[in-house]
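**Q** Take this structure, written in structure tokens, and hold onto it; I'll ask about it next.
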Amino acid sequence: IEDAQTTGVSAFRNVTQRFPSGLELPVEYTTILLGGHTGLLAVGKNLRAVAELQSRLVEAQQAMERDYWKLRELETRYRLLFQSSRDAVLLLKAATLSIVDLNPAAAQALGITVNQVKGAADLRFTEALLAEERDLFEGMVRRIRERGKAPGVLLRLGGHQTPWILRASLLT
């Protein structure tokens, strides 16, 4: 009110308007000095819709944060299982069959290090296969692409040509 009396118009102020019925509404008010000092006019805008939208936004942000932390927890569990598994596990890029990630058991079996994979631009899994077994592996990959699954195949991998039963599946 003091702003309106000195400048003619006040800045907007948020007020919780209480009614005799007990209802409380958030209202944004401004006051305007009427000509000749005959009084003030208060103009208000109901902010209930804005308050509801803000409340829904906060709820959505909290839900996103909970989902983010659940995802982080799942990612940590996956990483622990991946790293501690005694079974060799490889992640290959479907389009190029290049190694995206491998666990220590797979690195040891293939005779490479995890750092070699991380630093390599395109380390292809098929290079670890014997030439006569590449067709068998590529046939399995084709079948997985077509049908989503394929039976395991027996391949010899690594420097010692250790026999592996290779099973694969598609991940998105």
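**Q** Using the Cα centre of the chain as origin and beta-carbon charges of +1 (Lys, Arg) and -1 (Asp, Glu), tell me which of LEU71, ALA131, THR31 is placed farthest towards the positive end of the dipole.
**A** ALA131
**Q** A follow-up question, please. For segment 56-172, state what percent of all Cα-Cα pairs lands in each successive 5 Å bin, counting from 0 Å until the bin that includes the largest distance.
**A** Spelled out per bin, shortest first, that is 2, 10, 17, 20, 18, 12, 7, 5, 4, 3, 2, 1, 0.
**Q** Can you sort ARG72, ARG86 by solvent-accessible area, 1.4 Å probe, largest first?
**A** ARG86, ARG72
**Q** Counting only protein chains, not ligands or nucleic acids, how are SER169, SER85, SER98 ordered by accessible area (probe 1.4 Å), most first?
**A** SER169, SER85, SER98
**Q** Taking only C-alpha pairs under 8 Å that are 6+ residues apart, what is the relative contact order of the chain in percent?
**A** Taking the mean separation of contacting Cα pairs over the length of the chain, I get 10 percent.
**Q** For helix 48-84, report the angle its Cα long axis makes with the longest principal axis of the Cα atoms of the chain; keep it between 0 and 90° and round to the nearest 10°.
**A** Taking Cα atoms only, the helix is inclined about 20 degrees.
**Q** Then there's this: Which length gain, in nm to one decimal place, applies between ALA60 and PHE19 when the Cα-Cα distance is subtracted from 0.36 nm times their residue separation?
**A** On the way: separation 41, 0.36 × 41 = 14.76 nm, distance 3.08 nm.
Value of the extension gain: 11.7 nm.
**Q** Place the peptides 103-111, 57-65 in order of packing, highest mean first, counting for every residue the other Cβ atoms within 10 Å and averaging per peptide.
**A** On the way: 103-111: 18.7, 57-65: 10.0.
Packing order, densest peptide first, comes out as 103-111, 57-65.
**Q** Here's another thing I want to ask about it. Multiplying the sequence separation of LEU40 and THR113 by 0.36 nm and subtracting their Cα-Cα distance, what value in nm do you get?
**A** Gain on extension, LEU40 to THR113, equals 18.3 nm.
**Q** Let me ask something additional. Between segment 74-110 and segment 23-45, how many Å separate their Cα centres?
**A** 67 Å
**Q** Report, largest value first, the span of the C-alpha coordinates of segment 1-52 along each principal axis, in whole Å.
**A** 38, 23, 14
**Q** Please compute the net charge surrounding ARG143, taking Lys and Arg as +1 and Asp and Glu as -1 over other residues with Cβ under 14 Å from its Cβ.
**A** Neighbour charge sum, excluding ARG143 itself: +2.
**Q** Right, next: Tell me the mean residue ellipticity at 222 nm calculated for the chain from its helices only (DSSP H runs of n ≥ 4, each -39500 (n - 2.57), averaged over every residue, nearest 500).
**A** Rounded to the nearest 500, the figure is -14000 deg cm²/dmol.
The values are calculated or read from the model by the stated rules, or taken from the named source; none is laboratory data. Just so we're clear, the structure is a prediction, and the values are computed from it rather than from any experiment. With ideal geometry, Cβ positions are generated from the backbone for all residues, glycine too; neighbour counts draw on all protein chains shown. The area values use the complete protein model at the heavy-atom level, side chains included, leaving out ligands, DNA and RNA. Shrake-Rupley method; radii C 1.70, N 1.55, O 1.52, S 1.80 Å.
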